[in-house]
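Report on the structure given below.
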Amino acid sequence: MKPPPFAYHDPTSIEEVVDLLQRYGNEAKVLAGGQSLMPLLNFRLSYPSALIDINRVADLSYIQQEDGQVRIGALTRQRAIEFSQLVRSQLPLLHEATTLVGHLPIRTRGTIGGSLAHADPAAEYPTVTMALDAELVIQGPSGQRVVSAEEFFVSYLTTALSPNEVITEVRFSSSLPTSGWAFEEFARRHGDFAVVGVAAVIDTDGVQCRTARLAAAGVGPTPIRLRAAEYILEQEGITDQDIQNTADKAAELVQPDSDIHASADFRRHLTQVLTRRAIERAIERDRKRKRHERA
Ligand SMILES: Cc1cc2nc3c(=O)[nH]c(=O)nc-3n(C[C@H](O)[C@H](O)[C@H](O)COP(=O)(O)OP(=O)(O)OC[C@H]3O[C@@H](n4cnc5c(N)ncnc54)[C@H](O)[C@@H]3O)c2cc1C
C-alpha cells in the first residue's frame, strides 16, 4: 500500500501555501496531520499531483482567548486541544469530544483544521462546531473570509473550501454556557468513528432551560443542528417527558442513509437514545456545577 507519486512542498508561510494551491488548482492537497489523507493516498482513493505540507508554517498552532472568542489555529493537534486548560474551562464540550477521536497516536498527529476540512459527517469536531456555532477563518488568493460551521459543511467529505483555499483558524464564542454539556456516541469499538454521535450543551435555572444546543453526527451527509428539538427544551422545560419529547423530535429530524455499518432505522433509533442520554448527562452536570457554585 504505497501512495501514487506526488510533488512535495513544505512552505513556511500561509501566503506561500495559497500561491502553491493556486498554481496546482484542483491537483494539490494540503497535508496537515496526514491521518485521513495518507490512508486515502495509500488506498489509491486520491491522486493529487502535489502535497502541500503545512507543518512548517509558523503561527498555525495555538489556542488563545481574544475578542470574546477562543481561537484555535488550524494546525493545532487534537492532543493539544485535549490537554488545554482553556478548552477545558471554556469549551468543555470540545474537550470531551476530543477524547473520543480515534486513539492517542491519531490525536497526537491529527489537527482540528484537518478534521474539519476532511468533513466526515461522523466525526466529532464538525459536530461540535455545529453545536457551538463556531466560525472558520479561511485564507485564499483574495484574502481572508470567515464562514460559519453551518455554511462550511456542504455534503459527504465536501465543504465550502475552494481548491485554492486553506483553513487557518477556528473560532468559538467564549460566552457559551459551560455548566452542562455532553457528547454521547455509539461506536463498534473504542477509537472507531461513531456510528451516531450527539452533542449537547444545556444551561438551566434549575427548573427551566435557558439555552439548549444539540447537534448530531453520522445521520446524513453533514453533521446536523437539531434546532426544533432544542426548541422543545427551551419552551417546554426539562421534565422527563420534555426530554423524551426532545429525543423523539431529534429522531424525526434526521435523515440517515443505510450503509455497511448500520441501517437508517438503527441510526434513527440511536439518535433518539443518544439525544436523551446527552441531555440527561448535560443537565446532571449543570445541576452539579450550580450546586457547587452556591455552596
Ligand atoms: C484509525 C483512525 C481512526 C480515526 N478515528 C477518528 C474518530 O473517531 N473521529 C474523528 O473525528 N476522526 C478520526 N480519525 C481521523 C483523524 O481525526 C484525522 O486526524 C482527521 O480527520 C484529519 O486531520 P489531519 O490533520 O490528520 O488531516 P490530513 O489527513 O492531513 O488532511 C485531511 C484532509 O483535510 C485537508 N486539510 C488538512 N488541513 C487543512 C487546512 N488547514 N485547510 C484546508 N484543508 C486542509 C487535506 O488536504 C485533506 O483533504 C481517525 C483516523 C484514523 C487513521
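Please treat every number below as a calculation from the coordinates, not as lab data. On a predicted model such as this, the values are computed, not experimentally measured, just so you know. Cβ: placed from backbone, ideal geometry, glycine included. Neighbour counts: every protein chain shown.
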Cα lying deepest toward the dipole's positive end in region 17-80, options VAL30, PRO48, LEU75, charges on Cβ: PRO48
Looking at the chain as a GNM with Cα springs under 10 Å, which of ASN55, ASN245, ASN42 has the largest mean-square fluctuation? ASN42
Could you give each residue of region 71-78 its phi-based ³J(HN,Hα) in whole Hz, using Karplus coefficients 6.51, -1.76, 1.60 with θ = phi - 60°, and x for Gly or Pro? 10, 10, x, 4, 8, 5, 5, 4
If you add up the charges near ALA228, with Lys and Arg at +1 and Asp and Glu at -1, over every other residue whose beta carbon is less than 9 angstrom from its beta carbon, what do you get? 0
Using just the helices of the chain, give the 222 nm mean residue ellipticity in deg cm²/dmol: DSSP H runs with n ≥ 4 each add -39,500 (n - 2.57), and the total is spread over all residues, rounded to 500. -11500 deg cm²/dmol
Could I have the simple spin-label model distance between ARG189 and ARG227, label points 7 Å from Cα toward Cβ, reported in nm to one decimal? 4.0
Amide H to amide H, which residues 5 or more places from SER84 or on other chains are under 5 Å from it, using H placed in the peptide plane? none
For the pair ALA264/ALA295, report the inter-label distance in nm, with labels modelled 7 Å from Cα in the Cβ direction. 4.9
Counting only Cα, what are the radius of gyration and maximum Cα-Cα distance Dmax of region 70-189, in Å? 13.7, 44
Can you pull a Stokes-Einstein diffusion coefficient for region 193-237 at 25 °C (0.890 mPa s), Rh from Kirkwood over Cα pairs, as a whole number of µm²/s? 219
List the lysines whose Cα sits under 25 Å from the Cα of LYS2, skipping any in the same chain fewer than 8 residues away. LYS29
At what distance in nm do the modelled label points of VAL146 and MET1 sit from each other, each positioned 7 Å from its Cα along Cα→Cβ? 4.0
Hey, how many Å between the Cα centroid of region 129-207 and the Cα centroid of region 107-126? 9
Share of Cα-Cα pairs in the chain lying beyond 29 Å, as whole percent: 35
When Rg is the radius of gyration of the Cα atoms in region 117-164 and Rh is its Kirkwood radius, what does Rg/Rh come to? 0.96
Taking the Cα centre of each part, how many Å lie between region 227-284 and region 1-59? 39
Region 142-209: Kirkwood hydrodynamic radius (Cα pairs, Å) comes out at 15.7
Could you tell me the largest-minus-smallest coordinate of the C-alpha atoms of region 171-281 on each of the three principal axes, in descending order and whole angstroms? 43, 31, 22
Cβ-derived FRET efficiency at R0 22 Å, ASP59 paired with SER173, nearest 0.05: 0.50
Taking the chain as a Gaussian network, Cα atoms linked when under 10 Å apart, which of ASP53, ASP133, ASP265 shows the biggest mean-square fluctuation? ASP265
Averaging over every viewing direction, what projected area does the convex hull of the Cα atoms of region 99-251 cover, in nm²? 9.9
Among ILE260, ILE106, ILE63, the residue with the largest mean-square fluctuation in a Gaussian network model of the chain built from Cα contacts under 10 Å is ILE260
Mind checking the dipole of region 90-168: about its Cα centre, +1 per Lys or Arg Cβ, -1 per Asp or Glu Cβ, Debye to the nearest 20? 280
As an exercise, take the mean of 1/r over every pair of distinct alpha carbons in region 14-142, invert it, and state the Kirkwood radius in angstroms. 15.5
Hydrodynamic radius (Kirkwood) for region 26-95, which is based on Cα pairs only, to one decimal in Å: 13.9
Debye log10 I(q)/I(0) at q = 0.17, 0.18, 0.20, 0.31 Å⁻¹ for region 230-276, Cα point scatterers: -0.48, -0.53, -0.61, -1.05
